[in-house]
1. Can you compute the helix-only [θ] at 222 nm over chain A? Use -39500 (n - 2.57) per DSSP H run of at least 4 residues, normalise by all residues, nearest 500 deg cm²/dmol.
2. For segment B:37-193, what is the accessible area per residue in Å², given a 1.4 Å probe and the full set of protein chains?
3. Considering every Cα-Cα pair within segment A:156-210, what fraction, in whole percent, is farther apart than 17 Å?
4. So what are the three principal axis dimensions of segment B:42-84 from its Cα atoms, in whole Å, longest to shortest?
5. Please report the buried accessible area for the interface of B with A, total over both chains, probe 1.4 Å, in Å² to the nearest 100.
6. With the dipole of the protein assembly as shown worked out from charges on the C-beta (+1 for Lys and Arg, -1 for Asp and Glu) around the Cα centre, which of A:Thr307, A:Gly75, B:Val19 lies farthest toward the positive end?
7. Give me the accessible area per residue for chain A, probe 1.4 Å, as a whole number in Å².
8. Taking Cα atoms, how many degrees apart are the long axis of helix A:12-37 and the longest axis of chain A, rounded to 10 and kept between 0 and 90?
Amino acid sequence: MIDLLTNLFSDYTLRTVALGSALLGITAGSLGGFALLRRQSLLGDAISHAALPGIAIAFLLTGSKAPLVLILGAGIAGWIGAALISVVTTQTRIKYDSALGIMLSVFFGFGLVLLTYIQRQPDANQAGLNSFLFGQAAALIEQDVFLIFVIGSVVILLIALFWKEFKLLSFDSDFLGTLGYPIRTLDYLLTTLFVVAIVIGLQTVGVVLMSAMIIAPAAAARQWTDRLGLMIFLAGIFGAFSGVGGALTSSLIPALPTGPTIVLIVSAIVLISLLFAPNRGLVFRRVRDWQAGKRLRVDAVLVDLYTLASQHSSAEYPHSERVLDVMSSISGPAHQTLKVLKDLDLAIPIDSTHWSLTPEGVLRAERVIERQFGGDS
Amino acid sequence: MDYAIDIRDLTVAYREKPVLWDVDLQVPPGVLIAIVGPNGAGKTSLIKSSLGLIKPAAGSVLIHGRPYSEQRSTVAYVPQRGSVDWDFPTNVLDVVTMGLYGRLGWFKRPGKSERIEALKSLAQVGMEEYATRQISQLSGGQQQRVFLARALVQDANVYFMDEPFQGVDATTERAIVELLQNLRKQGKTVAVVHHDLQTVPEYFDHVMLLNVRRIASGPVEEVFTEDNLRTTYGGRVAFVSALSAARKQ
Ligand SMILES: Nc1ncnc2c1ncn2[C@@H]1O[C@H](COP(=O)(O)OP(=O)(O)O)[C@@H](O)[C@H]1O
Ligand SMILES: [Mg+2]
């Protein structure tokens, strides 16, 4: 670990790789936030797969493996894929999810065919195109990182500029339309940024798993906050963290492809977020339900004690635990709950099995009864 | 005469199948009009094409004599509550502030004065203490009132509301009705998609009966007749006679 950190600061290649994948993660994560909220999680998958034939065709046409050329090819193909999905769903009876599936498999299949064809070619220049399948961060060079930096900055800048428009587009696009904003154009702009964020990551993460890099950080971020700004920010951070972690790990272990490593890390973040995030996390919800259940039991036993006592002269008249066990509207023995009542000073044990309400307990019981039966509030 | 809403020969089709056919509607200013008709009658489509969200196959819509594109700042819209995701990460005040995005224009962010305006319209719907509440934590009636506040902050002359009473309790319904009648008192025109036929005569002064075609429109006492309702709702006579029983009371 220390080794890794010192390497990170001294080793030029590692630093390049780390910086590139951090920038990628930020861009992909923040765009992914919007995609998640617009229920376009699967669109990212379709676009990244659709980009593969674009990469192959760009190479076949130019014979070049320059990042800008390949990214341009990927972008055009990805964008055509996204546009075709939109055309097919609006112009035919084919549903959105089917259109996604069709586009993904047709484009990806075609891309694989082209890749195979390229590999059969005699010249050796084609080597490396295969890494677009599962990604190879170690291959990142300064030139790539510079390109990612420029494109990523433009994307982030545009998000900041169109913040209010993109927010309302995602929440209630019809309403935005009635205000005079061109929702079609804004939709195309956001989708184009989405495509851009995907294609700049393809070399590092690979077409097969790029969509995880887009959606997973956003899904994790959604767990932690109810504010759009913070959610997009967190998604960027999570994206950067898993990008850097995955890229570094895979650069240090030669046989490890980058994409799957990044996905493993981001999956861990998602899992932690699903379980432990306050409010939305599973654990929090369980605890809250459990506390609500406990409060209900407390109230029930309190009311039972009060009801029993009201049949006697004094509201503090003691009663046996066993009566309470039978009586309680909530199943199970009352002993545990009675101990809670004692801790709250609402009831006191008279002897080992008899309990009586304290004056405070009487008040609280009356309030509970009022809340339950005293008309609507 | 200058109509607040003037719809002529409006025909709307999704992929050939017409959902509105040759519809005419003239609404004088200062009127509270109910748009009623069975599910799928085209009520939402009528509102959306009036607001330029759907391009009609034929016909025209004028708001106070001019096309909608020139009248945006004087028109407000309350969409169907179910048309948005209420789990969206934002709070009540933020949603109401969205009503001011049109006035703000491109790139400008809402500031303090916008938030003050939004708070004022929240107060009008009795929700000011919910300003910082997450929208996912609102009841149906509260969601509806947030949407109303967003329309109020638009400070319009003409309001289109799609089922603002859907899923609200009796108390909220009364509050909303009062709000609509206040708008009318200020001379505003309000068109409301409404489902409860029984309350039409009590709440509204005009009514439009719609089922793909316009069956009738005009003052409630003139056009809200059993005959017209029968034409609008077709075979569902039981529904209609229950209504006429209610009206005789
Ligand atoms: N985007 C759409 N694409 C295709 N058909 C639609 C679309 N929106 C509405 N429809 C159809 O148009 C008809 C009218 O819908 P709508 O205007 O929502 O009716 P209402 O609001 O009166 O219930 C319905 O049959 C509905 O299925
Ligand atoms: Mg409707």
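The values are calculated or read from the model by the stated rules, or taken from the named source; none is laboratory data. Values in this document were obtained by computation on a predicted structure and should not be read as measured data. Methodologically, a virtual Cβ is constructed for each residue, glycine included, from the backbone with ideal geometry; neighbour enumeration extends over all protein chains shown. Surface areas here come from the heavy atoms of the whole protein model, side chains and all, with no ligands, DNA or RNA. Shrake-Rupley method; radii C 1.70, N 1.55, O 1.52, S 1.80 Å.
1. -25500 deg cm²/dmol
2. Result: 41 Å² per residue.
3. On the way: 651 of 1485 pairs.
In whole percent, the share of Cα-Cα pairs in segment A:156-210 beyond 17 Å is 44.
4. Ordered largest first, segment B:42-84 gives principal extents of 31, 25, 12 Å.
5. In total, this chain pair buries about 2900 Å².
6. Checking the options against the dipole of the protein assembly as shown, the answer is A:Gly75.
7. On the way: 18340 Å² over 377 residues.
For chain A, the solvent-accessible area averages 49 Å² per residue.
8. So the helix axis and the longest Cα principal axis differ by about 60 degrees.
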